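Below is one structure, written out as structure tokens; comments come after it.
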Amino acid sequence: MERFLGSFSPYFYALLRIVAGAMFAMHGSQKLFGIPGDKDPVELASLMGVAGIVELVGGILIAIGLFASIAAFICSGQMAVAFFMSHFPQGWNPLLNGGELSVLYCFLFLYIASVGAGIWSLDALRTTGKRKDAHRFA
């Protein structure tokens, strides 16, 4: 049986990658520059500063699909560390310790790392003539 909207899955995956990357990059810009929002920027030479750099650069790379697998793998690891350092000490359950966004980003980026950038990406343009769309929902 054909899946509902199955023929559009590469496009929805690309939208998911672009939106997730852009949102993650905004977390980084908020840490580094205080934008968006009204928070003060963090010190670059701090753990939060490094996290902001990873979020901003990694999020942009994921959104544009350039070295997306590597960037997503690094961002996934950062979110795992964030969960266990910041949220897990308040309890194991992400719904109760405020870590659900970290867990979701962690597993979303792990999936992107395993699948690759897919269509609408600079990685696809770089690999012209090679397998462009590794993302298949068979």
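Structure summary
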read-out	value
Qualifying residue in segment 9-28 (condition: touching a Pro at 6+ places or on another chain (Cβ under 9 Å), more than 26 Å from residue 114 (Cα to Cα) and in contact (Cβ under 8 Å) with a residue 24 or more places away in the chain)	no
Some residue of segment 87-98 being more than 22 Å from residue 18 (Cα to Cα) and at pLDDT below 95	no
Every pair of residues 6+ apart whose Cβ atoms lie under 7 Å, when the first sits in segment 84-113 and is in contact (Cβ under 8 Å) with a residue 24 or more places away in the chain and surrounded by 14 or more Cβ atoms within 10 Å (Cβ to Cβ) while the second is of a type in the set (Val, Ile, Thr) and part of a helix (DSSP H, G or I)	112/62
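The values are calculated or read from the model by the stated rules, or taken from the named source; none is laboratory data. Keep in mind it's a predicted model, so treat the numbers as computed, not measured. Backbone-built Cβ (ideal geometry, glycine too); neighbour counts: all protein chains shown.
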